[in-house]
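Below you'll find the structure, written out as structure tokens, and then a few comments.
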Amino acid sequence: MSVRHRSGVLVRNAALLAAAAHLAPAGTWLPGPRSVLFPALAGRGRPGHVALTFDDGPDPRTTLRFLQVLDELGVRATFFVLGDGVMRFPHTTLEIVRRGHEVAVHGWTHSRPWLPTVSRDAHEVARAARAIRLATGAVPRWYRPPYGILTGGRWLAAARSGLTPVLWSAWGRDWTEHATPGSVAAAVRRDLRDGATVLLHDTDRAAATGCWRATLAALPVVVAECRAGGLEVGPLAEHGIRR
């Protein structure tokens, strides 16, 4: 083997290893392996409790409507917000905290990380956490990447910012144009377990236009069914996940 050929092989192998280190952790997106192998990452919490979480805000058009319904239900939740939205809508972000809810990091933008971008990931996660602190005075504790794609770079970014990654164990599949209040409630019901973390969306910013209406209408049903099963509904801060 020539020196040039050997050098080329080493470069290709290094690239493959870098790609594997980047994408292999993203396999935790799959709900089956995540629930079995990484229960904390799946949001498995204490018995008798369900964590209610919302992604993709803040959005003054819609988030405030969810806050109103949550007030009426007497429920507090965790909102995973995007940093660029926090910068655009600091008053909406502050209102989330003012109403007694928890704000967590969802990233800076709603992007898919197919290529390794370790330095950018670290910068954007830290920037989003800083934007939350400036807008609300609250220090975020949790991180959920867009699409639940937790690459090696994003995992490292969370660690550097002192954030604990949390995905979900039940979701409403509420981001599609075909979502209805009934379909959202049924999707949550299928995977709802004692100690679950539920994923919903309080905006259509990264989803089908108007799909948030189905989620908003389903929210009282989801909460009522949890309570009928003897489950308390609250934010991740009260969920008992080990950090």
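The values are calculated or read from the model by the stated rules, or taken from the named source; none is laboratory data. Just so we're clear, the structure is a prediction, and the values are computed from it rather than from any experiment. Every residue, glycine as well, gets a Cβ built from its backbone with ideal geometry; the counts of neighbours run over all protein chains shown. Remember, those area values only see protein heavy atoms, side chains included, never the ligands or the DNA or RNA. Shrake-Rupley method; radii C 1.70, N 1.55, O 1.52, S 1.80 Å.
Restricting Thr151, Thr197 to residues that are among the hydroxyl-bearing types (Ser, Thr, Tyr) and modelled with pLDDT of 95 or more narrows the list to Thr197. Suppose we filter segment 162-194 for residues that are assigned to a helix (DSSP H, G or I) and modelled with pLDDT under 95; how many remain? The number of residues fulfilling the criteria is 1.
Checking each residue in segment 94-125 for being part of a loop (DSSP other than H, G, I, E, B), polar (S, T, N, Q) and either touching a Gly at 6+ places or on another chain (Cβ under 9 Å) or crowded, with 22+ Cβ neighbours inside 10 Å (or both) picks out Thr109, Thr117. If you check Gly153 against the conditions, is it at positive phi and open to solvent by less than 50 Å² (accessible area, probe 1.4 Å)? Judged against the criteria, Gly153 is not a match. When the residues of segment 131-150 are narrowed to those that are small (Gly, Ala, Ser) and part of a loop (DSSP other than H, G, I, E, B), which ends up nearest to Ala40 (Cα to Cα)? Per the stated criteria, the residue is Ala138.
Based on what the data block shows, is Ala196 hydrophobic (A, V, I, L, M, F, W, C), without any contact (Cβ under 8 Å) to a residue 60 or more places away in the chain and open to solvent by less than 10 Å² (accessible area, probe 1.4 Å)?
Criteria not met by Ala196.
Six or more apart or on different chains, Cβ atoms under 8 Å: show the pairs whose first residue is in segment 221-234 and more than 16 Å from Trp171 (Cα to Cα) and whose second is assigned to a helix (DSSP H, G or I) and open to solvent by less than 60 Å² (accessible area, probe 1.4 Å). From residues that are more than 16 Å from Trp171 (Cα to Cα), the pairs are Glu232/Cys226. For Gly153, the conditions (1) within 17 Å of Leu41 (Cβ to Cβ); (2) not basic (Lys, Arg); (3) not in a helix (DSSP H, G or I) are fulfilled apart from (3).
Contact map, segment 161-186: residues that are at negative phi and without any contact (Cβ under 8 Å) to a residue 12 or more places away in the chain paired with residues that are assigned to a strand (DSSP E or B) and among the β-branched types (Val, Ile, Thr), Cβ distance under 7 Å, separation 6+ or inter-chain. No pairs are found.
Annotation: Ala128 fulfils all but one of (1) over 19 Å from Gly48 (Cα atoms); (2) outside any helix (DSSP H, G or I); the unmet one is (2). For segment 48-65, taking the residues that are out of contact with any strand residue (DSSP E or B) (no Cβ under 7 Å at 6 or more places or on another chain) and in contact (Cβ under 8 Å) with a residue 40 or more places away in the chain, the one that is surrounded by the most Cβ atoms within 10 Å (Cβ to Cβ) is identified as Thr63. Against the list (1) closer than 23 Å to Thr215 by Cα; (2) modelled with pLDDT under 90; (3) part of a helix (DSSP H, G or I), the condition Asp71 fails is (2).
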